[in-house]
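Beneath this line is the structure, given in structure tokens, with notes to follow.
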Amino acid sequence: MKSALITGITGQDGSYLAELLLDKGYAVHGVVRRSSTESFERVAHLADRITLHQADLNDLASLTTVVQEVHPSEVYNLAAQSFVPTSWKQPLLTSDITAIGVTRVLEAIRLVDPKGIKFYQASSSEMFGKVRESPQNESTPFHPRSPYGVAKVYGHFITVNYRESYGMYGVSGILFNHESPRRGKEFVPRKVTDAVARIKLGLQKELRIGNLEARRDWGYAGDYVRAMWLMLQQERPEDFVVASGKMHTVRDLVRIAFDHVGLDWQKHTVQDPKFMRPAEVDLLLGDASKARRVLGWEPEVSFEQLIRMMVDADLKRNGG
Ligand code: NAP
Ligand code: G4F
């Protein structure tokens, strides 16, 4: 039986990936960090089917112990300080977890079984930042615009370096923004769909938002974790861009979400400078043709379907 170790199993992607791997018959193990209030909400429904291990991306000894104990066939490194604005408030913590943390996971694998354990790194389209070309593919140069983006560039290249230095099977998935009803409420799509549901139900007055002109290539997290798994099933380790190939503005997102509940977005939305960033990534648009060709990967959920699915889930969650 194949086994997988997922760091970041309590996050959005970790929960969908755990479901996918369980469906494929894997023994699924996850890394969780200690907190005074345990909230494993996203994986609570899987509690009796997965095994959780306490470790932290900042602590090599704990990671090595878990890798030794589990000896998985595949490690998916999804753990990160993943919210871009926080990376300006806590740049050192972000570097420690999101950049150096990748080296710690790679070192744990190198010490235990560098040739037998496959490694997936959750790289990000944020690495493209101030984009040098559009759409962005695997050879587009990086120009990150936040401490988070800079940390992800480190994580990307240290993965490439361990592959080239030690012959490890390590791949980097350069994933564009992906969302779901399990997305954290601080990220703009979920912030919008939750606000729309609450406004519709009379629980909130308005949506306060930042840059409406920012453009992103948004997809569904359930589709994107399939690409992660496919990347580790190939004969040769290679990096892939995973994206929908379609770009929308934050304004489109807000309009589609309000339209879905029959409200006029302009009457309920207020722009607030508090949500503007010191340096913005104006646009991201991915070219996933390599993933389509080599992995046979295709996204199944469109942007409009995704936003409606998220609004419906938030209506339900808020008692609608
Ligand atoms: P998420 O929901 O923010 O989940 C992050 C996970 O990392 C959580 O399980 C969190 O645990 C864990 N974590 C944070 N610091 C840790 C530490 N020091 N030690 C151990 N675990 C730690 O993120 P996501 O959206 O699922 O994204 C998964 C990965 O893909 C991240 O690396 C993210 O940067 C990257 N990515 C995401 C997107 C996207 O659009 N979602 C796109 C490209 C790349 P707690 O529950 O304890 O906080
Ligand atoms: O939803 P966001 O916070 O996501 P962002 O910064 O693109 O990062 C996400 O995607 C990356 C992949 O490209 C991941 F690596 C990363 O971990 C994370 O998952 O913001 C999207 C856009 C930005 O341009 C932001 O300025 O929306 C704009 N925006 C406008 N108003 C807002 C808001 N973002 C947030 N969070 N909140 C607002 O009120």
Checklist entry - If you go through segment 279-288 one residue at a time, do you hit one that is part of a helix (DSSP H, G or I) and among the charged types (D, E, K, R)? => result no
Next on the checklist: For segment 190-212, check the following and say yes or no: at least one residue is acidic (D, E), within 26 Å of E280 (Cβ to Cβ) and near ligand 2 (Cβ under 10 Å from one of its atoms).
Outcome noted: no
Next on the checklist: more than 19 Å from R110 (Cβ to Cβ), surrounded by 19 or more Cβ atoms within 10 Å (Cβ to Cβ), more than 7 Å from ligand 1 (Cβ to nearest atom) and touching a residue at least 12 places away in the same chain (Cβ under 8 Å): is that true of L21 in this structure?
Outcome noted: yes
Item to check | Search result, residues across segment 134-186 that are under 25 Å from L17 (Cα atoms), among the small types (G, A, S), buried (at least 20 other Cβ atoms within 10 Å of the Cβ) and within 12 Å of ligand 1 (Cβ to nearest atom) | outcome: G149, A151, G155, S172, G173, S180
Checklist entry - Residues in segment 215-230 that are under 21 Å from K191 (Cα atoms) and buried (at least 20 other Cβ atoms within 10 Å of the Cβ): how many? => result 8
Item to check | Members of segment 231-284 that are away from ligand 2 (no atom under 11 Å from the Cβ), buried (at least 18 other Cβ atoms within 10 Å of the Cβ) and under 21 Å from the mean Cα position of the chain (by Cα) | outcome: M231, L232, P237, D239, F240, V241, S244, M247
Checklist entry - Is one or more of the residues making up segment 75-90 within 16 Å of ligand 2 (Cβ to nearest atom), in contact with a Gly (Cβ under 6 Å, 6 or more places away or on another chain), of a type outside the set (G, A, S) and not in a loop (DSSP other than H, G, I, E, B)? => result no
Item to check | Cβ pairs under 6 Å, 6+ apart, first in segment 142-169 and more than 16 Å from I100 (Cβ to Cβ), second surrounded by fewer than 19 Cβ atoms within 10 Å (Cβ to Cβ) | outcome: H143/K130; R145/K130; R145/A279; Y166/P114; M168/P114
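Taking segment 187-207, which residues are surrounded by fewer than 15 Cβ atoms within 10 Å (Cβ to Cβ) and either closer than 19 Å to H248 by Cα or basic (K, R) (or both)?
Hit for segment 187-207 is K205, nothing else.
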Checklist entry - Can you name the condition, by its number, that K2 falls short on among (1) farther than 19 Å from E179 by Cα; (2) in contact with a Lys or Arg (Cβ under 7 Å, 6 or more places away or on another chain)? => result (2)
Checklist entry - Is it true that D56 is of a type in the set (D, E) and over 21 Å from the mean Cα position of the chain (by Cα)? => result no
Next on the checklist: Quick test of your reading of the structure: R34 fulfils all but one of (1) within 12 Å of ligand 1 (Cβ to nearest atom); (2) outside any loop (DSSP other than H, G, I, E, B); (3) of a type in the set (D, E, K, R); (4) more than 22 Å from S124 (Cα to Cα). Name the failing condition by number.
Outcome noted: (2)
Checklist outcome for this item: G101 passes all but one of the listed conditions (1) touching a residue at least 12 places away in the same chain (Cβ under 8 Å); (2) surrounded by fewer than 24 Cβ atoms within 10 Å (Cβ to Cβ); (3) farther than 30 Å from L315 by Cβ; the exception is number (2)
Next on the checklist: Going through S62, S87, S95 one at a time, which residue ends up being of a type in the set (S, T, N, Q) and either away from ligand 1 (no atom under 13 Å from the Cβ) or under 24 Å from L285 (Cα atoms) (or both)?
Outcome noted: S87
Item to check | Hits in segment 35-71 (condition: charged (D, E, K, R) and under 16 Å from I109 (Cα atoms)) | outcome: D56, D59, E69
Item to check | Criterion (within 16 Å of ligand 2 (Cβ to nearest atom) and either part of a helix (DSSP H, G or I) or closer than 19 Å to I97 by Cβ (or both)) met by exactly one of L52, L17 | outcome: L17
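FYI, it's all coordinate maths here, none of it is from the lab. Computed from a predicted model, the values in this text were never measured in an experiment. Every residue, glycine among them, receives a Cβ derived from its backbone with ideal geometry; neighbour counts consider all protein chains shown.
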